[in-house]
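The values are calculated or read from the model by the stated rules, or taken from the named source; none is laboratory data. This structure is a prediction, so every number in the text was calculated from the model and none was measured. Note that we place each Cβ from the backbone using ideal geometry, even for glycine, and neighbour counts take in every protein chain shown. Side chains are part of the model used for accessible areas, which takes the heavy atoms of the whole protein and leaves out ligands, DNA and RNA. Shrake-Rupley method; radii C 1.70, N 1.55, O 1.52, S 1.80 Å.
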Amino acid sequence: QVHLVESGGGLVQPGGSLRLSCAASGSVFSINIMAWYRQAPGKMRDLLARMHSSGMSTYASSVKGRFTISRDNDINTVYLQMDSLKPEDTAVYYCSEEQLGDTYWGQGTQVTVSS
């Protein structure tokens, strides 16, 4: 079992930045994929970015160039640096961890972009 805890969400003005963190604990396998998703009210959960433990990453076109995923394998933590935030980025942000055929989810952190 893997437990994920997100942090770093909050209220930010348009054009601002936030950095989300997600710490994994428990039976974390050294080879895995960690990812960030978001879900706005009434919408599906969308994949934003994912990073393999090797360092390879991919991004959704909606956030490419504004969001940056990174990770520290020594402490099993993934980050999402979000810049140039827009009101449409308002959502609950979730991290996930995929390993050995299983996917684990955090509880989510709210990000609100508003003036």
Checklist (1) open to solvent by 60 Å² or more (accessible area, probe 1.4 Å); (2) of a type in the set (D, E, K, R); (3) in contact (Cβ under 8 Å) with a residue 60 or more places away in the chain; (4) in contact with a Lys or Arg (Cβ under 9 Å, 6 or more places away or on another chain) applied to D46, failing item | (3)
Determine which single condition P87 fails, assuming it passes every other condition in (1) under 13 Å from V2 (Cβ atoms); (2) open to solvent by 70 Å² or more (accessible area, probe 1.4 Å); (3) in contact (Cβ under 8 Å) with a residue 24 or more places away in the chain.
-> (1)
Given the conditions (1) in contact (Cβ under 8 Å) with a residue 60 or more places away in the chain; (2) under 12 Å from the mean Cα position of the chain (by Cα); (3) surrounded by 13 or more Cβ atoms within 10 Å (Cβ to Cβ), report the number of the one that V63 does not fulfil.
-> (1)
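Every residue, every condition in (1) open to solvent by less than 80 Å² (accessible area, probe 1.4 Å); (2) aromatic (F, W, Y); (3) out of contact with any Phe, Trp or Tyr (no Cβ under 9 Å at 6 or more places or on another chain); (4) free of Cβ contacts under 8 Å to residues at least 60 places away in the same chain, yes or no:
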{"site": "G26", "(1), (2), (3), (4)": "yes, no, no, yes"}
{"site": "T58", "(1), (2), (3), (4)": "yes, no, yes, yes"}
{"site": "D72", "(1), (2), (3), (4)": "yes, no, no, yes"}
{"site": "N76", "(1), (2), (3), (4)": "yes, no, yes, yes"}
{"site": "Q81", "(1), (2), (3), (4)": "yes, no, no, no"}
{"site": "S96", "(1), (2), (3), (4)": "yes, no, no, no"}
{"site": "G108", "(1), (2), (3), (4)": "yes, no, no, no"}
Scan of region 33-65 for residues that are assigned to a loop (DSSP other than H, G, I, E, B) and farther than 20 Å from P87 by Cβ, ordered by number = S53, S54, G55, M56
Of a type in the set (V, I, T), open to solvent by less than 20 Å² (accessible area, probe 1.4 Å) and closer than 17 Å to E6 by Cβ: does that describe T68?
-> no
Selected residue [at pLDDT 95 or above and among the small types (G, A, S)] from G55, G106, G101 = G106
Of the residues that make up region 72-85, is at least one modelled with pLDDT of 95 or more, under 16 Å from W105 (Cα atoms) and aromatic (F, W, Y)?
-> yes
